[in-house]
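The values are calculated or read from the model by the stated rules, or taken from the named source; none is laboratory data. These numbers were taken from a predicted model, which means no experiment stands behind them. Here the Cβ is made from the backbone with ideal geometry for all residues, glycine too, and neighbour counts use every protein chain on show. Accessible surface is based on the protein model in full, side chains and every heavy atom, while ligands, DNA and RNA are left aside. Shrake-Rupley method; radii C 1.70, N 1.55, O 1.52, S 1.80 Å.
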Amino acid sequence: MSVSSLPAQTARPSPPGKGATKSVQKGRQTKAAIVEAALGLATQIGLEGLSIGALAEVMRMSKSGVFAHFGSREELQISVVREYHARFEEEVFFPALQLPHGLPRLQAMFDNWMNRTSVEIDSGCIYISGAVEFDDRPGPVRDALADSVRTWLAAMYRAVVQAKEAGHLHQDADANQVAFEIHALILALHYEARFLKTPGSIARAQTGFANILARYGSSRHTAASALSPAGSSAPAPKKVSPKSSKPSSFKPA
């Protein structure tokens, strides 16, 4: 019997060695560094301003090297949206979960949001700039942006509902309206402070939130008795690492 007549043997793949593992880790680290750089650019020039060429120059890589990590400019933009969302969770949402249900948690969410917004007055908010860029442009990038914003607003709505359930807000208060007004304060703050450079915009937004609580607060549990002064109820947000290990949930416990 000749060797050629023997049945073919299927070779078993050898387990990845240390070299392969290091290569994978290096690839992930490089991709994370690219997303980090892209996020920095996007906050200044918007998602639409991102390009493979610009990032290649910033990273001192070839265009093909950057492209290999994403496959398209669109996937790069989506990766930036996801990273921004993860950091938003870490700075705004997760610290608020340390507070009890009701107005303390709702106040913490707003305080953390305000803290982040005060920084983004200089750097820019991808949620807001992205809405302007992609509001009339259907596609995966717009979907990623809209899904992220809806997820956060759903968490804010849930916090309002829990405040009602705790008796901190009037039982006839419209939770959708309360959440809408809180969101409107942040949008107005960005417009007034970043675009118009109106002095005192942050203080006006804080006053606006206090007025919302005064209008909708329960007579049995007023905002004054439930909360410490604005800005002091929320734990200080931790510095965020490029990649969060926590799931993207935005579902208050």
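Miscellaneous remarks
- A single entry from A253, A154 fulfils the requirement of being at pLDDT 65 or above and open to solvent by 50 Å² or more (accessible area, probe 1.4 Å): A154.
- Applying the criterion of being part of a helix (DSSP H, G or I) and over 18 Å from the mean Cα position of the chain (by Cα) to the residues of the range 93-104, the residue that is surrounded by the fewest Cβ atoms within 10 Å (Cβ to Cβ) is Q98.
- Looking only at the range 96-152, and only at residues there that are out of contact with any Leu (no Cβ under 6 Å at 6 or more places or on another chain) and among the basic types (K, R), the one that is nearest to A184 (Cα to Cα): R150
- On inspection, A159 qualifies as open to solvent by less than 70 Å² (accessible area, probe 1.4 Å) and either acidic (D, E) or under 17 Å from G102 (Cα atoms) (or both).
Residues checked against (1) of a type in the set (S, T, N, Q); (2) over 19 Å from A38 (Cα atoms); (3) in a helix (DSSP H, G or I); (4) open to solvent by less than 20 Å² (accessible area, probe 1.4 Å):
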{"residue": "A68", "(1), (2), (3), (4)": "no, no, yes, no"}
{"residue": "V81", "(1), (2), (3), (4)": "no, no, yes, yes"}
{"residue": "E91", "(1), (2), (3), (4)": "no, yes, yes, no"}
{"residue": "N115", "(1), (2), (3), (4)": "yes, yes, yes, no"}
{"residue": "S129", "(1), (2), (3), (4)": "yes, no, yes, no"}
{"residue": "R137", "(1), (2), (3), (4)": "no, yes, no, no"}
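- Condition met for A159 (at pLDDT 95 or above and in contact with a Pro (Cβ under 8 Å, 6 or more places away or on another chain)): yes
- Test: residue in the range 129-141 that is in contact with a Phe, Trp or Tyr (Cβ under 9 Å, 6 or more places away or on another chain), modelled with pLDDT of 90 or more and farther than 23 Å from E181 by Cβ: yes
- D122 vs. criteria at pLDDT 95 or above and either hydroxyl-bearing (S, T, Y) or open to solvent by 50 Å² or more (accessible area, probe 1.4 Å) (or both): no
- From the list G46, G71, the lone residue that is touching an Asp or Glu at 6+ places or on another chain (Cβ under 9 Å), at positive phi and of a type outside the set (D, E) is G46.
- When the range 180-220 is limited to residues that are among the β-branched types (V, I, T), in contact with a helix residue (DSSP H, G or I) (Cβ under 9 Å, 6 or more places away or on another chain) and in a helix (DSSP H, G or I), the one that is farthest from R150 (Cα to Cα) turns out to be I202.
- Top-ranked residue of the range 57-66 - restricted to ones that are over 25 Å from the mean Cα position of the chain (by Cα) and not in a loop (DSSP other than H, G, I, E, B), ranked as surrounded by the fewest Cβ atoms within 10 Å (Cβ to Cβ): S64
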